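Notes to accompany the following structure.
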Amino acid sequence: FIFQRIGLSGEGTDAVVILEKTPFQEEKIPDLLKKPMNAELQMHNDIYCTFYLSPPPELSEIKATVVYPATEKHIQKYLRQEVHLIRETWEDYKNITLPFIHSQSFSIQWVYNILEKKAETDRIVHENPDPSNGFVLVPDLKWNQNQLEDLYLIALVHRRDIKSLRDLTAEHLPLLRNVLQEGKEAIVKRFGVPSSQLRIYLHYQPSYYHLHVHFTALGYDAPGSSVERAHLLADVIDNLAMDSMYYQKRALTFPLRADEPLFKKFQEAGRL
Ligand code: M7G
């Protein structure tokens, strides 16, 4: 994936444009090899060859995601940077992370728009309308829904008072169990993907501090699905069932880029 900074409407207005080559759709591969196209031989050695193919436009589409107007934080998010692991204790959370979240988290208007049916209404895959234990399941911005290989949905809870994993207690178990159970059922029903082939997890830290759960295809190496950021929902549920204060007691590890303001806060507090 690549990014660019472009001015769309004059001075000082930035957009983030993310260009991604979409995965191959298996049924289109015969077409890809059949249609006349440029095939440039790069290397040939014994039984091994590499070619560069230039497929016709309908077989070489690129997905473009645009954030416009983009804030400085959006731009920073997509710039490549040195990354460090932070080990955040509960004290660190209270003294460093929480004040930081209150001061400058991303706007979550897009989440409210989905919950209030002001945006993406026709994309809703499942909803449990209960105000405290309900949620909305929609395809994630990152998934174009053309193929199941990179299936990616997101469950947004109706309640607005849970910022992240750190706020969860046993009180939230009915909500989390609904998300897990109903999310799996809705995905098998709509897309035919069984729950044994889904990775269902929360991010810590998230980018958006309104509780949400990621559902991705197990075979897809989704960005943010690595051990330092992803917490499987089934494990979260078990941990909370064992100890209601589990996430207010233990240290949590997460990666931060060196240019992120939260990284600087941890540095200033002498925690690195
Ligand atoms: P996160 O864990 O807060 O942060 O996940 P991340 O973006 O660093 O992973 C938020 C998730 O919401 C991501 O998977 C985004 O792709 C997705 N997302 C973000 N926005 C702004 C939208 C949106 O407007 N619509 C939908 N459907 N998904 C979004």
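Couple of notes before you dig in:
- Reported value for region 222-262: 88 Å³ per residue, from the convex hull of its C-alpha atoms.
- Fraction in percent of alpha-carbon pairs per bin - 5 Å, region 159-236: 3, 15, 26, 25, 19, 11, 2
- Expressed as a fraction of 2.2 N^0.38 Å, the value expected for a compact globular protein of N residues, the C-alpha radius of gyration of region 82-144 is 1.55.
- At least 24 Å along the helix axis (C-alpha) and Kyte average at least -1.0, DSSP helices within the chain: 173-191
- In percent, rounded to a whole number, the relative contact order of the chain is 19, using alpha-carbon pairs under 8 Å and six or more apart.
- Which listed pairs, of LYS63/LYS163; LYS63/LYS264; LYS21/LYS163; LYS77/LYS249; LYS94/LYS264, have C-alpha distances above 22 Å, in listed order: LYS63/LYS163; LYS63/LYS264; LYS21/LYS163; LYS77/LYS249
- Counting every alpha-carbon pair across region 34-121, the share separated by more than 22 Å comes to 65%.
- P(r) weight above 24 Å for the chain, C-alpha pairs, percent: 59 percent
- Computed from the alpha carbon atoms alone, the convex hull of region 189-272 holds 135 Å³ per residue.
- Cα pair distances exceeding 20 angstrom across region 130-260, given as percent: 43 percent
- Region 117-158: relative contact order in percent, alpha carbon pairs under 8 Å with at least 6 residues between: 36 percent
- In order along region 22-30, the Karplus-derived 3J(HN,Hα) couplings, from 6.51 cos²θ - 1.76 cosθ + 1.60 at θ = phi - 60°, round to 6, x, 5, 9, 3, 5, 8, 5, x Hz, and Gly and Pro are given as x.
- Listed residues ILE96, MET242, VAL16: farthest to the positive end of the dipole of the chain (Cβ charges): ILE96
- For region 84-190, the alpha-carbon radius of gyration amounts to 1.22 times the rule-of-thumb value 2.2 N^0.38 Å expected for a compact globular protein.
Every number here is computed from the coordinates shown, using simple stated rules; none is lab data. The structure displayed is predicted, hence computed values, not measured ones. Virtual Cβ from ideal backbone geometry, glycine too; neighbours counted across all protein chains shown.
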